[in-house]
Amino acid sequence: MNLDDALFRRESTRLVAALARAFGVHRLALIEDAVQETLTRAYQSWSFSSVPAHHSALLMTSARNRVLDALRHERAVRNLAPELQHRAEESEEPEVIHEELFLPAALRDNELRMMFTCCNPRVPEDVQVALILSLLCGFGAGEIAGAFLVTEAAVAKRLSRGKSALAKSRRLFDLEASDFGARLEVVHRALYLLFSEGYHGAGVHAVLRPDLCTEALRLVRLLAERPPGTTPATHALAALMCLHAARIPARLDGDGELLDLFAQDRSSWDPALIDEGLLHLEQSASGENLTRYHLEAAIAAHHALAADAGQTRWTEILHLYDQLLRLEPSPVVALNRAIALAQVEGPEAGLQALRAVPDSDRLAHYPFYPAALGELELRRGNLEEARLQLRAAHELARNDGERRFLLRRIAQCTSLGGAGSPKQRLNRAAP
Amino acid sequence: MSQFVYVYRQSERPPSSPQQMQERLERWTTWLRNLQESKHLVDRGLPLEWSGGAVVRNRKGSISDGPYAESKDIVMGFSLIEAKDLAEAVSLAQGCPALDGAGLVEVRPVMSLP
């Protein structure tokens, strides 16, 4: 039997969401212990036999019984310790088992409620994202730490802080609640961060963390599947994830080296994801609310539809970046806009815009700022300055993949030093 | 051909993420399947509970819940295999996933009738 690669992570998510919905978020710690124990026993026992056909139902029953046992045990301990009686009364409640919460039909709802619960506006965004990775993607603290370039202890701290905040409420977020719309924006933002971390993140071991992108995509699809999550902004977010994820197979060459947008083999972009993205983009075009996701998805769609960099509709892209900059003024957006401008008006204009990026000091540690300066200098034929900027970018690079990418560009500056006109040979910008 | 029992021992149950559990499960499945395909596996055996058992040391009703033996390593399962000789049984055991963690494999020849 071929296992789903993420079978254990998926089961963990499903179990935690169903049990938290049935027994209350305030019992999250107890529920997580029960799920951990259930899965540990399952993998040990299945190691000697095989994964049974109805493993999902078996795991659900077993985990549920473990929670019930633990609750009975808690109650028995309380009854033995009268001084704790007041607390016992507080939480004494009959364990009504709502069978329907454990049926396959409820699973999607359970997970969605958990997603909205994790995106509690009272906890910081990095904690929300850590909670999603732990509770909805089934990743361990060590795995989350690896993706975010932080220590496992730091992640454990984030998680325990987040989980104790969640445990203050008894119920998972109600999808019919009046503040659904406000919470949905927080969910969008967290999923966007999750995806960006996978796509642009600095994880040391892999240049890309496709796992994070896959998870963000799975969760946004879950959200876009049916109301109340199916809003134009959700579709726009789904579109931008699909259209970016489509390019993942092309971002590394055969030797595992990073390739920028200009050097990618576009025939290896995933056509199914492009189609899915374009469909979401179409569905996002309703209502009055133009979000950053709409604009970013539209930019990604222009890239997805262009045969190559030369045939890309840069003027439209520049226009979209202008809108995005008004909506979301940020130095990274300004940086990308400057690259688009260079495509429309030439490297000179791009360089000017780059140097004029407001708050560019916030990019002081971002390797792609000097890298973009270097690329445009290179395109202008100013090899000495290009080399300096690319070296500065190399200093800031966050992983070996980025370092090797920049070293190759520096080497190109050097090899062009003696060659004829560099302008003829170069038509590139930063990734 | 002689028969051997592999006794899998481990000192502790390592805390694992779901992904690590799945990877371990896959390593065990692959290992046992390879033994089976190379006709070395007689019986894949059974996993044993980590706790909840007892040790009977005499007839006076004095039992303890463990540790099961003086050794810190608890038997977590066993399999029956067939090999040419001890050397082959040992070399096959070297591929056992129990060795990836804090575990070990005891290779015990099954006693043959005189």
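Can you tell me which residue within the stretch A:142-183, out of those that are within 15 Å of A:Val16 (Cβ to Cβ) and in a helix (DSSP H, G or I), is most open to solvent (accessible area, probe 1.4 Å)?
Going through the qualifying residues, I end up with A:Lys163.
B:Leu104: open to solvent by 50 Å² or more (accessible area, probe 1.4 Å), touching a strand residue (DSSP E or B) at 6+ places or on another chain (Cβ under 9 Å), in contact (Cβ under 8 Å) with a residue 12 or more places away in the chain and within 12 Å of chain A (Cβ to nearest Cβ), yes or no?
For B:Leu104, the condition - open to solvent by 50 Å² or more (accessible area, probe 1.4 Å), touching a strand residue (DSSP E or B) at 6+ places or on another chain (Cβ under 9 Å), in contact (Cβ under 8 Å) with a residue 12 or more places away in the chain and within 12 Å of chain A (Cβ to nearest Cβ) - is not met.
When you check B:Arg13 against the structure, is it open to solvent by 70 Å² or more (accessible area, probe 1.4 Å) and free of Cβ contacts under 8 Å to residues at least 40 places away in the same chain, yes or no?
Considered against the rule, which asks whether it is open to solvent by 70 Å² or more (accessible area, probe 1.4 Å) and free of Cβ contacts under 8 Å to residues at least 40 places away in the same chain, B:Arg13 comes out as yes.
Tell me which residues, restricted to the stretch B:16-43, are touching a residue at least 40 places away in the same chain (Cβ under 8 Å) and either facing chain A (nearest Cβ under 7 Å) or of a type in the set (Asp, Glu) (or both).
Once the filter is applied, which keeps residues that are touching a residue at least 40 places away in the same chain (Cβ under 8 Å) and either facing chain A (nearest Cβ under 7 Å) or of a type in the set (Asp, Glu) (or both), the stretch B:16-43 yields B:Arg24, B:Trp28.
One line per residue, one yes/no per condition, for (1) in contact with a strand residue (DSSP E or B) (Cβ under 8 Å, 6 or more places away or on another chain); (2) open to solvent by less than 60 Å² (accessible area, probe 1.4 Å); (3) of a type in the set (Val, Ile, Thr); (4) touching a residue at least 12 places away in the same chain (Cβ under 8 Å):
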site	(1), (2), (3), (4)
A:Leu259	yes, yes, no, yes
A:Ser267	no, no, no, no
A:His280	no, yes, no, yes
A:Gly287	no, no, no, yes
A:Leu290	no, no, no, yes
A:His294	no, yes, no, yes
A:Ala297	no, yes, no, yes
A:Trp314	no, yes, no, yes
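With respect to the numbered conditions (1) open to solvent by 10 Å² or more (accessible area, probe 1.4 Å); (2) of a type outside the set (Ser, Thr, Tyr); (3) in contact with a Cys (Cβ under 7 Å, 6 or more places away or on another chain), which one is the sole condition not fulfilled by A:Ala190?
(1)
Is there a residue being over 22 Å from A:Ala130 (Cα atoms), more than 11 Å from chain B (Cβ to nearest Cβ), surrounded by fewer than 19 Cβ atoms within 10 Å (Cβ to Cβ) and more than 29 Å from the chain's Cα centre (by Cα) anywhere in the stretch A:32-53?
Yes: the stretch A:32-53 contains one or more residues that are over 22 Å from A:Ala130 (Cα atoms), more than 11 Å from chain B (Cβ to nearest Cβ), surrounded by fewer than 19 Cβ atoms within 10 Å (Cβ to Cβ) and more than 29 Å from the chain's Cα centre (by Cα).
Residue under question is A:Gly198, and the condition is that it be on the phi > 0 side of the Ramachandran plot and in contact with a Lys or Arg (Cβ under 8 Å, 6 or more places away or on another chain); does it hold?
no
Do we have A:Arg362 as surrounded by fewer than 17 Cβ atoms within 10 Å (Cβ to Cβ), among the basic types (Lys, Arg) and more than 25 Å from the chain's Cα centre (by Cα) here?
Answer is no for this residue.
Within the stretch B:45-58, does at least one residue satisfy the condition of being closer than 16 Å to B:Phe4 by Cα, open to solvent by 70 Å² or more (accessible area, probe 1.4 Å) and within 12 Å of another protein chain (Cβ to nearest Cβ)?
yes
Is one or more of the residues making up the stretch B:78-98 crowded, with 19+ Cβ neighbours inside 10 Å, within 9 Å of chain A (Cβ to nearest Cβ) and either at pLDDT 85 or above or over 30 Å from A:Ser134 (Cα atoms) (or both)?
Looking through the stretch B:78-98, at least one residue is crowded, with 19+ Cβ neighbours inside 10 Å, within 9 Å of chain A (Cβ to nearest Cβ) and either at pLDDT 85 or above or over 30 Å from A:Ser134 (Cα atoms) (or both).
Answer yes if at least one residue in the stretch A:329-347 is basic (Lys, Arg), open to solvent by 60 Å² or more (accessible area, probe 1.4 Å) and touching a Leu at 6+ places or on another chain (Cβ under 9 Å), and no otherwise.
No, the stretch A:329-347 contains no residue that is basic (Lys, Arg), open to solvent by 60 Å² or more (accessible area, probe 1.4 Å) and touching a Leu at 6+ places or on another chain (Cβ under 9 Å).
Within the group A:Val96, A:Val77, which residue is surrounded by fewer than 18 Cβ atoms within 10 Å (Cβ to Cβ) and modelled with pLDDT under 80?
When all the criteria are applied, what remains is A:Val96.
For the stretch A:191-300, which helices (runs of 4 or more DSSP H) that fit wholly inside it have 3 or more residues that are of a type in the set (D, E, K, R) and over 16 Å from the mean Cα position of the chain (by Cα)?
Once the helices (runs of 4 or more DSSP H) in the stretch A:191-300 are filtered for at least 3 residues that are of a type in the set (D, E, K, R) and over 16 Å from the mean Cα position of the chain (by Cα), what remains is A:271-284.
The values are calculated or read from the model by the stated rules, or taken from the named source; none is laboratory data. Model, not experiment: these values are computed from the prediction. As a convention, Cβ positions derive from the backbone with ideal geometry for all residues, glycine included, and neighbour counts pool all protein chains shown. Accessible surface areas use protein heavy atoms only, side chains included; no ligands, DNA or RNA. Shrake-Rupley method; radii C 1.70, N 1.55, O 1.52, S 1.80 Å.
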